[in-house]
Amino acid sequence: MYDIAIVGAGVIGGMIARTLARYRLKICILEKKHDVAMGASSANSAIVHAGFDAAPGSLKAKLNVRGSEMMEEVCRELGVKYRNNGSLVIGFDEADRQTVEELYRRGNENGVKNLKVLDAEDLHRLEPNVSKNAVCALHAPTGSIVCPYELTIAAIGNAMDNGADLLLDFEVCDIRDTGKHFEITSPDKTVLAKYVINAAGLYSDAIARMVGDDSFTVHPRRGEYILLDKECGTLLNHTVFRTPSKMGKGILVSPTVDGNLLTGPTSTDMDDKENKATTAEGLALVMKQASENADGVLFGKSITSFCGLRAVGSTGDFIINLPRARFVNVAGIESPGLSSAPAIAEYVVELLAKAGLKPEENPSYTPTRPAMHAFREASIEEKNAIIQKDPTYGHIICRCETVTEGEILTAIRTNPRPRDLDGVKRRTRAQMGRCQGGFCSPYIVELLAKENNIPYEAVTKFGGASLINFERTKEER
Amino acid sequence: MKEIELVIVGGGPAGMSAAVAAYESGISDLLIIERDARLGGILQQCIHNGFGLHRFGEELTGPEYAWKYEKLVREKQIPFLPNTMVLDITPDKVVTATNATDGVFQIKAKAIILAMGCRERSRGALNIAGTRPAGIYTAGTAQKYVNLKGYMPGKEVVILGSGDIGLIMARRMTLEGAKVHAVCELMPYSGGLARNIEQCLHDFDIPLRLSHTVVEIHGKERLTGVTIAKVDKNRRPIPETREYIPCDTLLLSVGLIPENELSKTASVTLDRVTGGAVVDQDRQTSVEGIFACGNVLHVHDLVDYVSEEAEIAGKNAAAYIRGEAIERTEINLRTDGKIRYTVPQRITQKKDVTVYFRVADVYRNVTVKILDGERVVYQKKKPRVAPGEMESITLNADQLADAKELLFALEVK
Ligand SMILES: Cc1cc2nc3c(=O)[nH]c(=O)nc-3n(C[C@H](O)[C@H](O)[C@H](O)COP(=O)(O)OP(=O)(O)OC[C@H]3O[C@@H](n4cnc5c(N)ncnc54)[C@H](O)[C@@H]3O)c2cc1C
């Protein structure tokens, strides 16, 4: 019997698990996919928003501002890359200027610090490659960037290091309340838990309905992106947004914590929660608008394009409540969900306390997790000390991102353990560079097969039927 | 810091030929650094024949061709470090590398030869719309799975791009029991060698769909199909011609990119067209004492030419180390656009120079002209030139005369 079952291993489920792991609680995270961070938490803009977007008084506003204040410390503890690069919302005409002024007022009301409205001259002094056509901007110095899947993986890894269980390939199909606890079932397993936390992203409405709550729905809104080579990563220092519309914050151009340049997202309402395909029109729009935001965005240097689905709730705000005893919804967590994640977790723990959960502190709780990128940032002397102990750290597997065999093996052996190529990619950056795994994936398949004790041809890209190879060409002799 | 006269980065055919040539020119303090476990580079996985016709007058497989050079390296006891990756090269020729035995180490070299080869353009560079399932590989990656690892990455195959590796893999996959449904080529002509189109597609009845591209990728986990379409003159897909082909594998053979990340750390000037360094007739780059050859310099269609070019680099790196004084001149080679590029891009010594070049499109009945202002330095008629086939012209010192600039032009009737 678990004290807490969290449905969904995204950044929200992960941060909640990690925050609860400081108490003496038996926790499990139930995830239907082959790995963690497979939903919205792996494909988004990676921005820690300052908090000037949401309507004053909303949960979004409150938790965004609080989350953005907490983020740096959380990332430090979890060894996750974070950079306080500041953000700019640029305007091109009089109407935009009014929006910028409005965002400025709203931001101040939400408690965002150090906001400033810039004229064209100050804007271009601060960020020379912003479009020459921009006439004004809102400058939010507290805006930051983070790696969203790294944060999710690290939060879940840290929760696991502190005793939480992760059950992958566990698709919650039914939840029954016995009055004392819940029976949570997947097609082939059942777990029991006193409390259930519904952090199932796009499917949080379906999970809520399993316990009779049909007070809200969630629908997908597509966001398409193009990621550019590291050569382009220094074009801008700040995250550059356009003024927002009803459909979202508009196409942005931003450096990433790993040094690439990210452009996107589009914003299209959809019906199909499983459709993560990019479209020719969407990618064309990203190119057009990104090129309007900044000068010198080189799409000839693109290394990949992808799509994320926002979980848009029917209420317009984050839906965080207890529709019944011992069951917590954390639903409709669209943007700024990533930014708010640490604050959402804190808020959920407060809700649980109000609902009667008063756990003791876990005395052996460790809030920290070693950074997965420590080796690459080490000095030559430090590297050599590590290589001397473990020679695999001297052997480069991914040449574009210079990732060593040692780093990959360590990632494969570290909670939450990756079992597929994409899992290794998200943890180590191997295959994430300009050749996109062309050279190194055959070797990584080998390492995964060996470490997980499975045949070479059983290794997948991301679980299920995503096989890399079908069979041996010849019989082994 | 350890000092070595000549460091060669890359142990493929270019690196090995360059090392052997430098050794034969009297440099015995040299080292080849190779990131793979073996010498041979990409040739290791090219188990088809067709290598060595020009050099050795016989048809060798890739590994056989590589072995000819590896044997020389071993006989001459030229030192090489396998499983070692060069991480950085500075303009004053300090090489930083890493491997499992020595850790991260540095070498100060008198001269460096860059021979890192190239990589394949990936799906991301093309921004094809659709899902991101398993089953999409560059042709070279698939070749590695099939030929080196012994696994079949797919059964029902579509190939995008008719570069040579794509053509070779069309045949290879067919021979291994897969069905290749089509090879789509964006351009109205193939970028591959004529003999590969004949022997790899026609002989196996594999359709080559010119002026076609893949516009959408389908399938959630493994690839289930691709939508292809014909493209117009401006290479834009024509919606009415969309056609769905069920398949589980898409191989990409859409171009090779010289791997010049290290050249950049060394501040070597790159040519925007070739993607490789700007070099003189000795294959010396803009940084004195740093030379480049093979596919890192520009993409070759035949390894025979790589070896030839590498020998030039090797010999001249040796001459540089010996500090031979030479009389210098400066002639810039320009192109008219129909000729896309030349290698070398500059001539700094009056001696016999072979200039390699590629054209931008397929042209028939052309005259290749080299002009020094009004003066016609060279001209020759050709029935057909194509981007897929590299051309070369040898100029002698007299022809160079007092030129400051030579224009390579194509006269099309
Ligand atoms: C295009 C886009 C851009 C965004 N940009 C930003 C940004 O810049 N800044 C920001 O702060 N926020 C941004 N967001 C929002 C942010 O990404 C999300 O708020 C956040 O990732 C939500 O995390 P989550 O854990 O709720 O959802 P998810 O990451 O989707 O996780 C939900 C998990 O639940 C699992 N699950 C679902 N059903 C079941 C079931 N029945 N059984 C078991 N498991 C199940 C899913 O597989 C999934 O792993 C963006 C979102 C999108 C899509």
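Figures for the structure shown
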item: DSSP-loop trypsin sites (Lys or Arg not before Pro) across segment B:239-346, with at most 16 other Cβ within 10 angstrom; result: B:R242, B:R272, B:R328
item: Anchor A:K60: lysines whose Cα lies under 20 Å away (excluding residues fewer than 8 positions away in-chain); result: A:K113, A:K246, A:K249
item: Relative contact order of segment A:23-138, defined on C-alpha pairs under 8 angstrom at six or more residues apart (%); result: 26 percent
item: Options A:Q289, B:I89, A:T392, ranked by Cα towards positive dipole end of the protein assembly as shown, top entry (Cβ charges); result: A:Q289
item: Listing of segment B:71-117 residues, each with accessible area lower by at least 10 Å² in the full protein assembly than in the chain alone (probe 1.4 Å); result: B:N83, B:M85, B:L87, B:T98, B:N99, B:A100, B:G103, B:V104, B:Q106
item: Kirkwood Rh (inverse of mean 1/r, distinct Cα pairs), segment B:140-258, angstrom; result: 14.3 Å
item: Rounded if a/c under 1.5, otherwise prolate or oblate - the protein assembly as shown, Cα gyration tensor axes; result: prolate
item: In degrees, nearest ten, helix B:303-322 long axis to first principal axis of chain B (Cα); result: 20 degrees
item: Rounded tilt (10° steps) of B:62-75 against the dominant C-alpha axis of chain B; result: 20 degrees
item: Net charge of neighbours whose Cβ lies under 14 Å from the Cβ of A:D96, counting Lys and Arg as +1 and Asp and Glu as -1; result: -3
item: Choice from B:D282, B:D301, B:D205 showing the highest fluctuation, given a GNM over chain B with Cα pairs closer than 10 Å; result: B:D205
item: Cysteines in chain A lacking a second Cys C-beta under 4.7 Å; result: A:C28, A:C75, A:C136, A:C147, A:C173, A:C232, A:C307, A:C400, A:C435
item: Beta bridge orientation in chain A: antiparallel %, DSSP, nearest 5; result: 75 percent
item: Sulfur and carbon atoms: percent of accessible area, chain A [1.4 Å]; result: 50 percent
item: Dipole magnitude of the protein assembly as shown, debye to nearest 20 (Cβ charges: Lys/Arg +1, Asp/Glu -1, about Cα centre); result: 640 debye
item: Accessible area in the full protein assembly, largest first, 1.4 Å probe, for A:D161, B:D36, B:D29, B:D398; result: B:D398, A:D161, B:D29, B:D36
item: 1.4 Å probe, heavy atoms, protein only - residues of segment A:451-477 losing at least 30 Å² accessible area vs chain alone; result: A:Y456, A:K461, A:F462, A:A465, A:I468, A:N469, A:F470, A:E471, A:R472, A:T473
item: Rel. contact order, % - alpha carbon contacts under 8 angstrom, at least six apart, segment B:122-254; result: 33 percent
item: Amide hydrogen neighbours beyond the local backbone of B:D88, cut-off 5 Å, H modeled; result: B:T96
item: Amide H within-cut-off set for A:E171, under 5 Å, with H built and near neighbours excluded; result: none
item: Length-normalised contact order for chain A - Cα pairs under 8 Å, 6+ apart - percent; result: 20 percent
item: Rounded accessible area per residue of segment A:380-458, 1.4 Å, Å²; result: 38 Å²
item: Antiparallel content of DSSP bridges confined to segment B:122-254, in %, to 5; result: 40 percent
item: Sites matching GluC sites (Glu not before Pro) across segment A:348-389 that sit in DSSP coil, with at most 12 neighbouring C-beta atoms within 10 Å; result: A:E360
item: Accessible surface of segment B:302-347 [probe 1.4 Å, protein heavy atoms]: carbon and sulfur percent; result: 45 percent
item: Antiparallel DSSP beta bridges within the protein assembly as shown, as percent of all bridges there, nearest 5; result: 65 percent
item: Flagged links, alpha-carbon separation over 25 Å, of A:K474/B:K144; A:K32/A:K273; A:K383/B:K93; A:K389/B:K93; A:K116/A:K301; result: A:K389/B:K93; A:K116/A:K301
item: Positions from segment B:130-155 whose accessible area shrinks by 40 Å² or more when the full protein complex is built, not the chain alone, probe 1.4 Å; result: B:G130, B:R132, B:A134, B:T141, B:K144, B:Y145, B:K149, B:G150, B:Y151, B:M152, B:K155
item: Chain pair A, B: total accessible area buried, heavy atoms, 1.4 Å probe, Å²; result: 4200 Å²
item: Reachable aspartates and glutamates from B:K179, criterion Cα separation under 12 angstrom, eight or more residues apart if same chain; result: B:E156, B:D205, B:D248
item: Carbon plus sulfur fraction of accessible area for segment B:131-200, probe 1.4 Å, in percent; result: 54 percent
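The values are calculated or read from the model by the stated rules, or taken from the named source; none is laboratory data. Remember, it's a predicted structure, so these values are computed and weren't measured experimentally. Cβ sites come from the backbone with ideal geometry, for glycine too, and all protein chains shown count toward neighbours. Just so you know, the surface numbers come from the protein's heavy atoms only, side chains and all, with ligands and any DNA or RNA stripped out. Shrake-Rupley method; radii C 1.70, N 1.55, O 1.52, S 1.80 Å.
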